[in-house]
Amino acid sequence: MEKIKILVVDDESRMRKLVRDFLVKSGYDVDEAEDGNQAVEMFFENNKYSLVILDIMMPKMDGWSVCREIRNYSKVPVIMLTAKSDERDELLGFKLGVDEYISKPFSPKILVARVKALLKRSGQDTEEDVLNAGGIVVDRAAHIVRIDGQIIDLSYKEFELLSYFIENKGLALSREKILTSVWNYDYFGDARTIDTHVKKLRSKMGEKGDLIKTIWGMGYKLDV
């Protein structure tokens with residue numbers, strides 16, 4: 001299945017990279033534009049974008065102008081990013097056809113959640129609501145985990161951790177990669193928190209806990 005393609009437009013390279021990394025980890029294909037002119041050129045050269053994430057304050061052509069150009073020809077969902085939290089800006093954004101409006105600074109995980117919700121509303125979300133591996137069934141929509149038909153009670157982080165393992169089954173995952181993907185870039189704690197959560201998760205999974213293999217000196221792998 002072809003990945004959903006998203007255009008990220010921001011003149012700050014660090015911000016583009018942060019947003020891109022989280023979207024790619026969530027399974028999206030991402031292109032970047034560093035100013036408004038480049039964004040418009042890329043959008044009309046590639047008519048396969050399913051969503052545009054657009055900063056307001058940019059050189060050459062600001063976000064409002066880019067949004068106007070896009071809206072003249074397309075109803076693609078648009079998320080607007082801004083350093084301001086001005087009500088007038090927000091009202092102007094919705095008047096121009098902006099679907100979501102997020103003020104900086106923001107949590108990348110919240111942004112990804114908004115992206116998924118917006119794509120789902122527009123009928124483009126391809127994320128599986130149910131994950132399966134070796135008798136383990138994770139129902140994301142209902143937030144329920146079943147092992148051989150029996151529901152097991154997991155904390156929020158344990159649920160996310162198990163989902164991440166199943167999404168990447170068979171792959172060796174370092175502690176740092178797990179922290180980045182499950183705990184967010186904002187987490188500066190000790191990587192040993194991974195070991196603690198894996199230990200609890202294995203215990204709750206019973207015999208299926210043995211499917212989570214330890215890779216000494218590196219991290220873990222779900223081996224089904």
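The values are calculated or read from the model by the stated rules, or taken from the named source; none is laboratory data. Predicted, not measured: the structure shown is a model, and the values here were computed from it. When we count neighbours, we look across all protein chains shown, and the Cβ atoms used for this are built from the backbone with ideal geometry, even at glycine. Accessible surface areas use protein heavy atoms only, side chains included; no ligands, DNA or RNA. Shrake-Rupley method; radii C 1.70, N 1.55, O 1.52, S 1.80 Å.
Which of the residues that make up the range 42-66 are among the hydroxyl-bearing types (Ser, Thr, Tyr) and either under 9 Å from Met80 (Cα atoms) or assigned to a helix (DSSP H, G or I) (or both)? Walk me through how you get there before you give the answer.
Applying the first criterion (among the hydroxyl-bearing types (Ser, Thr, Tyr)) to the range 42-66 yields 49-50, 65.
Answer for the range 42-66, where residues must be among the hydroxyl-bearing types (Ser, Thr, Tyr) and either under 9 Å from Met80 (Cα atoms) or assigned to a helix (DSSP H, G or I) (or both): just Ser65.
Yes/no matrix, rows are residues, columns are (1) buried (at least 20 other Cβ atoms within 10 Å of the Cβ); (2) at pLDDT below 90:
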residue: Phe44; (1), (2): no, no
residue: Val52; (1), (2): yes, no
residue: Met61; (1), (2): no, no
residue: Val66; (1), (2): yes, no
residue: Ile102; (1), (2): no, yes
residue: Lys109; (1), (2): no, yes
residue: Ala113; (1), (2): no, yes
residue: Leu118; (1), (2): no, yes
residue: Ser122; (1), (2): no, yes
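Which of the residues belonging to the range 13-34 are touching a helix residue (DSSP H, G or I) at 6+ places or on another chain (Cβ under 9 Å), open to solvent by 10 Å² or more (accessible area, probe 1.4 Å) and more than 30 Å from Asp129 (Cα to Cα)?
If the condition is that a residue be touching a helix residue (DSSP H, G or I) at 6+ places or on another chain (Cβ under 9 Å), open to solvent by 10 Å² or more (accessible area, probe 1.4 Å) and more than 30 Å from Asp129 (Cα to Cα), then Glu34 is the only one that fits.
Looking only at the range 13-41, count how many residues are outside any strand (DSSP E or B) and closer than 25 Å to Val182 by Cα. Before the answer, list the steps.
Taking the range 13-41 and keeping what is outside any strand (DSSP E or B), we get 13-28, 34-41.
Of the ones still in play, those that are also closer than 25 Å to Val182 by Cα are 13-28.
The number of residues fulfilling the criteria is 16.
What are the pairs with Cβ atoms under 6 angstrom where one residue, in the range 27-38, is among the charged types (D, E, K, R) and the other, located anywhere, is crowded, with 18+ Cβ neighbours inside 10 Å? Sequence gap at least six, or different chains.
Listed pairs, sorted by first residue: Asp31/Leu7; Glu32/Val8; Glu32/Arg16; Asp35/Met58.
Of all the residues that make up the range 146-161, how many are closer than 20 Å to Ser181 by Cα and not small (Gly, Ala, Ser)?
Number satisfying all stated conditions: 7.
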